[in-house]
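Worksheet: the structure to be examined is printed underneath.
The values are calculated or read from the model by the stated rules, or taken from the named source; none is laboratory data. Computed from a predicted structure; not experimentally measured. All Cβ positions, glycine included, derive from the backbone under ideal geometry; neighbour counts span all protein chains shown.
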Amino acid sequence: MTARTNGSNGLARVLPLSITGLSIAGLALAAASSCTPYPQPTDRDWRTYGGDPAGQRYSTLTQINRDNVAQLTEVWRFAAGDEGGVQTHPLVVGTTLYGYTSDQTAFALDAATGRELWRFAPGQTSGQAARGMTYWASARDERLFVSNASFIYALDPGSGEPVAGFGDGGRIDLREGLGRDPEQNAVFPTSPGTLFRDTLIVGFRTAENAPAAPGDIRAYDVRTGRLKWSFHTIPHDREVGHETWPAGAARTAGGANAWAGLAVDTRRGIVYVPTGSPVFDFFGSNRKGDNLYSDSLVALDAATGKRLWHFQAVHHDLWDRDFPSPPTLLTVTRGGRRIDAVAQTTKQGFVFVFDRVTGKPLFPIEERPVPAGDVPGETTSPTQPFPIAPAPFARQQLTEAMLTRRTPAAHADALARFRTMRSAGQFVPLSTDRDTIVFPGFDGGAEWGGSAADPRTGVLYVNSNDVPWYTRLVPNTVARDAGPGERAYRANCSSCHGADRGGSPPDVPDLTMVGSRLTAAAIAATIVQGRGRMPGFPQIAAADRAALVAWLASGGKAPVGDRREVTSTGGTAVREPYAISGYNKFQDIDGYPAVRPPWGTLNAIDLNTGRYLWKVPLGEYPELAARGMRNTGSENYGGPIATAGGIVFIGATIHDRKLRAFDSRTGRLLWTGDLPFAGNATPVTYSVAGRQYVVIATSGARDKKGPQGAAYIAFALPDRRGGRTAAAPAARARGQ
């Protein structure tokens, strides 16, 4: 797929915002109608992750609209844990809301009151993110598929009890059936599967270093749990794409997994799969070639798993530039013709748009030359794909002119450090001699919350992180007299936490004093189960895990012990030849991004034309706002939803703990609602008994300086039907 480009990689111009929505006339109308009932919506639930199988995150409800959204108030609250992150996009089926607590316990609530109906705790604990569930129903049966650790359970939605006839006692183990020892497979279904008829299609999260599971896409019978088909994202011998890997890679390579979620065209029977990077993330001497089907959007026959078409967005990925979001299916108009399309957002800030049947790009894509690497043993791809349109929704290259001017001291410090780094745009291979700027960062551009689309207009709404990160490659060597604990750390932990165990707080914790914060048992449990951003490492052999725990708990001063090489459970050495110096955010001396704002944005892109309708900052830092530095934007996790009432709802921002409502036509901020913790999740909207609600999961995990805990918060308009008033926010379900 080649094309020509003008080379533009700047941000789209912010269009003037017309004064609509909450106009003077609109305010007068709202005031005049304040004593009359709101328009009654047709009851509508939210029974699919992403709103529908197409992943549009769109609702036809209009009771809450541009003219009255400013009257939203909190109507119930459900406590969901004392610590840990909740990233759940809940489901609402009929009058019941389904979600997860911070320890991945599933629950059901009365969607109108927040009263708990049941909860399901399977026995094992999990520190993994749980972003959603899958609901299936036929004329005679219904099931709710939930995840915990490496398992998918089929529950009775009415009682929360496992369905005995599904899999093994009500669950399937995703570690099995991958052609490897299941005990070695770090497999976690953090995003829910999607449905095609009576088939549940799933991906999963896996380890970021070897041994990692191969990212097979698998389909299971919803009634029995029987495996129906598998698609090998690391092709087996003689399968199409195997030539892009070294011989025999399917037996040892890992990753290329679909962790972000899927979308399905139910009419055509096509499932769209965005895949991740191959292992190792930042060095690929063991995987020479383009490495299909990593970093690819793959269209599969949903009934058989047969590949229909694919597009690879990063060849031989060395930057962890996996697809971070589920695809979004929508229909656009091009040349007077309606085209069913699939849009895929990226960490680079690109949007790729394809004809969903043929895979033909709807905007040209150019393969551009990119810099070669200089690390011995590495073979980089000479070109990478760049879409001509839409323009990137995040900045692409950090320059001196873009450095922070927040204070003279902050600017001077950022400038001095910037001049020691490389900053040459996209796809610059990491070096061992100095830090390389990655902009947008490793969590840059789009994220797992997904995009929203208005099916009536073909407009895509996507939020973006717009801050730089940096890192370099460091030889992953150990002293000759190092014991098994230190060797286990080098093999499994140093790529994230660094050779010195210092991490990149708060995203990657400092482990130098972890023994003072956690017991040995807690450290061991975290290693096996993972926590938050960290995948679990069940593949580390028990003896090596015990040595690693002792070494960490002692601050790296445990007895040397024997000098044997660290092994996985199956006996395969796992130490990488290189690690990275850390996932380092480029911050100023006070901990704010070292680049000029905006640090996070919300964007509306007309995919009929590829042009931006508007771009606005998303979020702010309360302490900076108090000093007059408003609307800086901030890092954000979780996505938007759009409604026929003309609203885009989004939480996502870390520091200000707000849910916001924007005018979908102009980007004008219409309302903010206070949250107890950050709304690092995607909200939902639904109606029960003629009343529309907006619910978002909140948690404090990403802002350690803020309050800690987790809760689901529901908002609605004041209930004026028949003169009744909504229950006060203090009437909260505690979920005990």
Practice prompt. Look at V375 and say whether it is touching a residue at least 12 places away in the same chain (Cβ under 8 Å), part of a loop (DSSP other than H, G, I, E, B), of a type in the set (A, V, I, L, M) and within 18 Å of R321 (Cα to Cα).
Written response: no
Can we say I696 is of a type outside the set (G, A, S), over 20 Å from the mean Cα position of the chain (by Cα) and buried (at least 24 other Cβ atoms within 10 Å of the Cβ)? no
Scanning region 119-128 for residues that are buried (at least 20 other Cβ atoms within 10 Å of the Cβ) and touching a Lys or Arg at 6+ places or on another chain (Cβ under 8 Å), the one farthest from A681 (Cα to Cα) turns out to be G127
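Residues are listed down the side, and each one gets a yes or a no for (1) hydrophobic (A, V, I, L, M, F, W, C); (2) over 28 Å from Q708 (Cα atoms); (3) under 20 Å from the mean Cα position of the chain (by Cα); (4) in the same structural domain as P707 (by TED's automatic domain parsing):
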site	(1), (2), (3), (4)
F78	yes, no, no, yes
D82	no, no, no, yes
G94	no, yes, no, yes
Y98	no, no, yes, yes
G114	no, no, no, yes
F120	yes, no, no, yes
A154	yes, yes, no, yes
Picking from E447, E366, the residue that is surrounded by 14 or more Cβ atoms within 10 Å (Cβ to Cβ) and not in a loop (DSSP other than H, G, I, E, B) would be E366
Checklist entry - For region 221-230, does any single residue satisfy the condition of being crowded, with 24+ Cβ neighbours inside 10 Å, under 30 Å from W136 (Cβ atoms), in the same structural domain as Y135 (by TED's automatic domain parsing) and of a type outside the set (V, I, T)? => result no
Of R405, R434, R395, the only residue that is farther than 30 Å from A372 by Cβ, at pLDDT 95 or above and part of a loop (DSSP other than H, G, I, E, B) is R405
Matching residues in region 172-183 (surrounded by fewer than 23 Cβ atoms within 10 Å (Cβ to Cβ) and not in a loop (DSSP other than H, G, I, E, B)) number 3
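For (1) basic (K, R); (2) on the phi > 0 side of the Ramachandran plot, each residue gets a yes or a no:
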residue	(1), (2)
N185	no, no
I201	no, no
R218	yes, no
R238	yes, yes
G254	no, no
G261	no, yes
G269	no, yes
Output for Cβ contacts, cut-off 7 Å, separation at least six or different chains, first residue under 25 Å from L670 (Cβ atoms) in region 73-93, second charged (D, E, K, R), reads W76/R732; R77/R732; H89/R131; V92/D45; V92/R47
L300 vs (1) in contact with a Gly (Cβ under 7 Å, 6 or more places away or on another chain); (2) buried (at least 24 other Cβ atoms within 10 Å of the Cβ): all pass except (1)
Scanning region 136-156 residue by residue, those of a type outside the set (D, E, K, R) and either touching a Ser or Thr at 6+ places or on another chain (Cβ under 6 Å) or surrounded by fewer than 22 Cβ atoms within 10 Å (Cβ to Cβ) (or both) turn out to be W136, A137, S138, A139, F145, N148, A149, F151
Of the residues in region 348-361, those that are buried (at least 21 other Cβ atoms within 10 Å of the Cβ) and more than 16 Å from V273 (Cα to Cα) come to Q348, G349, F350
### Query
Is it fair to say G335 is of a type outside the set (A, V, I, L, M) and either under 14 Å from R268 (Cβ atoms) or buried (at least 24 other Cβ atoms within 10 Å of the Cβ) (or both)?
no
Counting only residues in region 479-526 that are part of a helix (DSSP H, G or I) and free of Cβ contacts under 8 Å to residues at least 24 places away in the same chain, the one farthest from the chain's Cα centre (by Cα) is identified as S516
If we take region 576-666, then strands (runs of 3 or more DSSP E) inside it with 2 or more residues that are buried (at least 24 other Cβ atoms within 10 Å of the Cβ) are 578-580, 600-606, 641-643, 647-650, 658-663
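Examine region 97-118 for a residue that is in a helix (DSSP H, G or I), at pLDDT 95 or above and surrounded by fewer than 21 Cβ atoms within 10 Å (Cβ to Cβ), and state whether such a residue exists.
no
Table: residues versus (1) within 29 Å of Y461 (Cβ to Cβ); (2) over 22 Å from the mean Cα position of the chain (by Cα); (3) among the polar types (S, T, N, Q); (4) modelled with pLDDT under 95.
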residue: Y583; (1), (2), (3), (4): yes, no, no, yes
residue: G600; (1), (2), (3), (4): yes, no, no, no
residue: A604; (1), (2), (3), (4): yes, no, no, no
residue: Y612; (1), (2), (3), (4): yes, yes, no, no
residue: K615; (1), (2), (3), (4): yes, no, no, no
residue: E623; (1), (2), (3), (4): yes, yes, no, no
residue: S634; (1), (2), (3), (4): yes, no, yes, no
Just one listed residue, out of R131, R223, R218, R143, is closer than 25 Å to T526 by Cα and touching a residue at least 12 places away in the same chain (Cβ under 8 Å), and it is R131
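Results for (1) assigned by TED's automatic domain parsing to the domain that holds T383; (2) on the phi > 0 side of the Ramachandran plot; (3) surrounded by 13 or more Cβ atoms within 10 Å (Cβ to Cβ); (4) in contact with a strand residue (DSSP E or B) (Cβ under 6 Å, 6 or more places away or on another chain), shown as yes or no for each residue.
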position: M402; (1), (2), (3), (4): no, no, yes, yes
position: R406; (1), (2), (3), (4): no, no, yes, no
position: A410; (1), (2), (3), (4): no, no, yes, no
position: R417; (1), (2), (3), (4): no, no, yes, no
position: M421; (1), (2), (3), (4): no, no, yes, yes
position: F427; (1), (2), (3), (4): no, yes, yes, yes
position: L430; (1), (2), (3), (4): no, no, yes, yes
position: D433; (1), (2), (3), (4): no, no, no, no
position: D443; (1), (2), (3), (4): yes, no, yes, yes
(message) Checking the structure you have, find out if any residue of region 665-678 is aliphatic (A, V, I, L, M), at pLDDT 95 or above and farther than 22 Å from G50 by Cβ.
(response) yes
The residue from A210, A302, A249 that alone is touching a Phe, Trp or Tyr at 6+ places or on another chain (Cβ under 6 Å) and touching a residue at least 12 places away in the same chain (Cβ under 8 Å) is A302
Picking from L460, L398, the residue that is buried (at least 21 other Cβ atoms within 10 Å of the Cβ) and more than 18 Å from G639 (Cβ to Cβ) would be L398
